[in-house]
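What follows is a single structure, written as structure tokens, with notes after it.
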């Protein structure tokens, strides 16, 4: 009998226990109390003034879990769009097209449970590609046109071949 299979099994078990402990600790933390409501000088029934420091709200997410290609358009007057996606196997790539017109910054973030998905490439309107990238992409002063975000597995990490993700795109006017 060799040591290698035993060591591999022990490391796998140790990693599984560590992950379970972290998940348990994260779920047992109580959320911080909400901040006190500021005194309002608006008349009853009038809409409350917007919080200038609040993040912009997003429209309901586009569900593209059944597709390998989608176009995510940020509605006029909004700056955030969400997309639900799913990578169904190793080697599969998801292409998300984001039309950009007269914006100062494009930021895209992948929210993944398990962390084995990343931006493999970002292709600008001129066809120039950059990548591989991580879970966040930021393009200052983007060109007008359609950007392609190519999402796929991180080949440098292990994990499930099938994973769901949420993509959050923010366009700053």
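Only the coordinates and a few stated rules stand behind these numbers; no lab work does. Everything numeric in this text was worked out from a predicted model, so none of it was measured. Positions of Cβ are backbone-derived with ideal geometry, glycine not excepted, and every protein chain shown enters the neighbour counts.
A few remarks follow.
- If you plug the beta carbon distance of residue 144 and residue 80 into 1/(1 + (r/R0)^6) with R0 = 30 Å, you get a FRET efficiency near 0.95.
- Paired Rg and Dmax values of region 62-172, which use every Cα atom, in angstrom: 13.2, 40
- Normalised by the number of residues in region 62-172, the mean separation of alpha-carbon contacts (under 8 Å, six or more apart) gives a relative contact order of 38 percent.
- Take 92-99, 134-141 and order them by the average number of nearby Cβ atoms within 10 Å per residue, most first; the result is 92-99, 134-141.
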